[in-house]
1. Being more than 30 Å from residue 36 (Cβ to Cβ) and surrounded by 11 or more Cβ atoms within 10 Å (Cβ to Cβ) is the filter here; which residues of the stretch 47-66 pass it?
2. Here is a list of conditions, (1) loosely packed, with under 11 Cβ neighbours inside 10 Å; (2) at pLDDT 80 or above, and residue 69 meets all of them except one; can you say which number that is?
3. If the requirement is being crowded, with 16+ Cβ neighbours inside 10 Å and of a type in the set (D, E, K, R), which of these qualifies: 2, 38?
Amino acid sequence: MREIEWKVLSELMKNAKISDRELAKKIRSSQPTITRARRKLEKEGYIREYTVIPNFRKLGYEILAVTLFKYKKRFDAEKIKKAKKILGESFKEGPFEIIMAERGMGGGYNAIMMSIHRTTNLLWGL
């Protein structure tokens, strides 16, 4: 990846809503160069999507939990997709939301889940 593309990607990670014109000023490049770089990053899959990162605290979520798992069986992609769907549906009614569940390896674990939780006095036994 060229240096300009790294700069574009870095700035978009900070603010995905920034216009190409504003981005060009920030990076000190021309707007057409920025537009070409952005399109290339999208086409080659470096940018998968543009998203919103909500203020979870304002929404009432105050805890971010990272849960590491170790599965004894290996799961194929279809079983993992099914498990993610079940997890997502099962926990929508609860006081928390799963925001990521992925396979991986490291530290003796082979899966990770991140979830956000609302806090209540009952949760902490207060």
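1. Within the stretch 47-66, 56, 59, 60, 61, 62, 63, 64, 65 meet the criteria.
2. All conditions pass for residue 69, except number (1).
3. The conditions single out 38.
The values are calculated or read from the model by the stated rules, or taken from the named source; none is laboratory data. Please read all numbers here as calculations on a predicted model, not as lab measurements. As a convention, Cβ positions derive from the backbone with ideal geometry for all residues, glycine included, and neighbour counts pool all protein chains shown.
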